[in-house]
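Step one of this worksheet: look at the structure below.
None of the figures in this text is laboratory data; all of them are computed from the coordinates on show. Everything numeric in this text was worked out from a predicted model, so none of it was measured. Counting neighbours? That spans all protein chains shown, and the Cβs are built from the backbone with ideal geometry, glycine included.
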Amino acid sequence: MTESVIKISGLYKIFGPNPKKVLPMIAEGLSKDEILEKTGHTVGLKDINLEIKKAEIFVIMGLSGSGKSTLIRHFNRLIDPTEGKIVVEGTNIMEFGVHELQEFRRHKMSMVFQRFGLFPHKKVIANVAYGLEIQKIDKAERLAKASEWVETVGLKGYEEQYPSQLSGGQQQRVGLARALCTDAEILLMDEAFSALDPLIRSEMQDQLIDLQETLQKTIIFITHDLDEALRLGDRIAILKDGELVQQGTPDEILLEPANDYVEAFVKDVNRARALTVETVMQRPAMRITAATIEGALAQMRKSTHDYGYHITKDGFQGIITEKELESAVSLETSGAIHPDIYEDVPTVSPESAIEDVLTETISSDYSLPVVDSEGNFKGSLEKESVAEIFSEKSSSEKESTATEKESTTTEKESSS
Amino acid sequence: MADSSWLYSFPEMERSSLRAIRKTLDGAYKEFSREYGDLIESIFDPLLSFLIWFEKLLLSTPWWIVLLLCTGLVYVASRSVKLAVACFVSLLLIGYFGMWEDTMRTLSIITVCTFLAIAIGIPIGIAMARSNRVQSVVTPMLDIMQTMPAFVYLIPVVMLLGIGKIPGLIAVIIYAIPPVIRLTNLGIRLVDKEVLEAATAFGSSPWQRLTGVQLPLAMPTIMAGINQTIMMALSMVVIASMIGVKGLGQPVLKSITNQYFTLGLLNGFAIVALAILFDRASQAYAKRTQAHLGDQKHD
């Protein structure tokens, strides 16, 4: 697949006067609290291993104190690790000297901050151009480039304002424009939207997704909000007390939480919005492949089902019930299957969110057929599995869903 | 020996040994000043000639040019007509009451002292802000400079350099420099950590960070320090006049010894008028340069 841009291995960060001395204690398996009590050192990060791929949005999620802001500051070495390796595009950045590190920060990575970190004494345009100013780029050139980015983030007309004259959302747009203006391939976003109110936040998320479609940057996004993580992330890593608890795609996190901690997190999420049809659909119960009514009836009688999904080489055709087939046979309208006998049932796309197909799923008598944009039959969406998403699950039931989920994934793989 | 007198009177050191200590220290310092006094004086020579030149310039320029220049400067700094008029009127009154020359002398030494204090104080303040160790060394020194009676450090200065402008200048600077150092340090330390982090994250060098972010953002605090320094320098002119610095301080000194109440009061008021002008003009200037802090439309 795509190459990894950033690779972090065996990263430890301990805060205190003599961190190196504490490292062996972690290896001995002492807990964070025990180490704090014995030595007065705080374990910030413990054995972090990460790989971030090109052009993906990698979300690091955790509650306050989980070490996520500490972790993101290791990517550009605003904080140096106690031990560990950070490799960016094949170069170990831990070996950088002062000058190399400055150049690296100027060209490779830029950062967006939680409380914006704008320069209050500079106008919007000068804030955006700051990265270029540091690179000693000619004033006319950097202002021209900065005004382009100001326009891209939708702040045209505000160039000559000071940050304090803007609203929070506008200020963070300036922060985003400033980060994008240096053309760095990697973007670090430290709780970039957490200080904004919910409406502005989702607006900013949309803008980021839009921008990412054209820019294809590698984005590392920190958040404490799982909804935000699920919305933005191609992959998500969950951090707890300085340790990585789970890494995976949003669906994996939602459906297979690695432990109770992640599960508690996942519980409050609006799953109907976060999950797609694809992830909850089942292997189709009954496929009918015969071209004639007789053949179809024969196939149907062999099974225990009373309806089936008619598939030809052109893809999905419709739902046929056993009853309908029998009456067709009794009326002696034998031969090829006529479109009239299909039940009137909508199809759903595998990419839709469950929330969007809720009404159709519940109002239909049958499990809805899942059909992709090319007309291929992917599976069926059962009412029960949709209902399960909403129900508060006990752990035993959860296990059963997990195994079902496995079967769907294998199905997905075989069909694609 | 069952002598218990130490319970009732403090066990002092022998008078003779105390005398010996004093003698050795005084002797050593006298020796030092005899040896190096001329050398040190010659180091300060350029400064002295500048001081004399500046004073002569103010005195030899026709009074109305100086008057207009001062009024103009106050207006440029503060952009306030009210303050410029106040400056004009108070300088007229000072001249009318016969204090023009002394005021010019005081003005010249205060101006030079302030510039020197800023030139020395801001770099020290920056060094303090950058290192906790420097801060822990400099802070007690500043405490001493601010609390030690001025006369005490006048003694060695006078012993070394004699009586005149330079010792006066040194005394004024020692007394007046702490605020600008302290507030430069404080201002830089108070700069928002995230803003500084942002500058670092974009790859700025320490120098770029200092000149582009830390100093501009610390400016309001530093200006408050400079303002305090000017005030304290003005309050030192009377003491400085005791070691031969001419200016508004000398008539005050004369009034104390001869009980000339009115003369003292008039010269005192002249010092106050200068102080208020310096203060208002520098504060208005500082406020004007901090445009980004004002008129917040919405937050």
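Worth a mention:
- Helix A:293-302 vs. chain A, principal-axis angle (Cα, 0 to 90°, nearest 10): 70 degrees
- Projected-area average for chain A over all orientations - Cα convex hull basis, square nanometres: 26.0 nm²
- For residues of A:117-128, the mean tally of beta carbons on other chains within 10 Å: 4
- Computed over region A:247-359: relative contact order in percent, which uses C-alpha pairs under 8 Å that are six or more apart: 28 percent
- Hits among lysines - C-alpha to C-alpha of B:Lys287 under 19 Å, sequence gap 8 or more where chains match: A:Lys122, A:Lys123, B:Lys82, B:Lys297
- Taking 20 °C and 1.002 mPa s as conditions, region B:97-183 diffuses translationally at an estimated 150 µm²/s according to Stokes-Einstein applied to its Kirkwood radius (Cα pairs).
- Low-density loop cleavage sites - trypsin sites (Lys or Arg not before Pro) in region A:77-128, where at most 14 other Cβ are within 10 Å (DSSP): none
- Taking every Cα-Cα distance in region B:79-122 and sorting them into 10 Å bins from zero, the calculated P(r) comes out as 25, 33, 34, 8 percent.
- Between A:Leu23 and A:Lys267, residue separation times 0.36 nm minus the direct Cα-Cα distance comes to 84.3 nm.
- The calculated Kirkwood hydrodynamic radius for region B:1-124 is 19.7 Å, given to one decimal from all distinct C-alpha pairs.
- Ordered from longest to shortest, the equivalent ellipsoid semi-axes for the protein assembly as shown are 80, 32, 20 Å, each the square root of 5 times a Cα gyration tensor eigenvalue.
- Partner chain coverage, peptide A:368-375 - average Cβ within 10 angstrom: 0
- Relative contact order of region A:162-314, defined on C-alpha pairs under 8 angstrom at six or more residues apart (%): 14 percent
- Applying a threshold of 25 Å to the alpha-carbon distances of A:Lys68/A:Lys139; A:Lys53/A:Lys240; A:Lys85/A:Lys240; A:Lys20/A:Lys46; A:Lys20/A:Lys68; A:Lys38/A:Lys85 flags A:Lys68/A:Lys139; A:Lys38/A:Lys85 as lying beyond it.
- Fewest neighbouring Cβ atoms within 10 Å first, the residues B:Trp100, B:Trp64 line up as B:Trp64, B:Trp100.
- Working from label points 7 Å from Cα in the Cα-to-Cβ sense, the A:Glu374 to A:Lys32 distance is 4.7 nm.
- Summary value for chain A: 14 percent relative contact order, contacts being C-alpha pairs under 8 angstrom separated by 6+ residues.
- Highest mean packing first, where packing is the average number of other Cβ atoms within 10 Å per residue, the peptides B:281-287, A:263-269 line up as B:281-287, A:263-269.
- Ranked by the mean number of other Cβ atoms within 10 Å of their residues, highest first, the peptides A:242-251, A:16-25, A:215-224 fall in the order A:215-224, A:242-251, A:16-25.
- Theoretical ellipticity at 222 nm over the protein assembly as shown - DSSP helices of four or more residues, -39500 (n - 2.57) apiece, nearest 500: -18500 deg cm²/dmol
- Cα pair distances in chain B, grouped into 5 Å bins until the bin that holds the longest one, percent each: 1, 5, 9, 12, 14, 14, 12, 10, 8, 6, 4, 3, 2, 1, 0, 0, 0
- Partner chain coverage, peptide A:160-166 - average Cβ within 10 angstrom: 4
- Taking the square roots of 5 times each eigenvalue of the Cα gyration tensor of region B:160-299, largest first, gives ellipsoid semi-axes of 41, 19, 9 Å.
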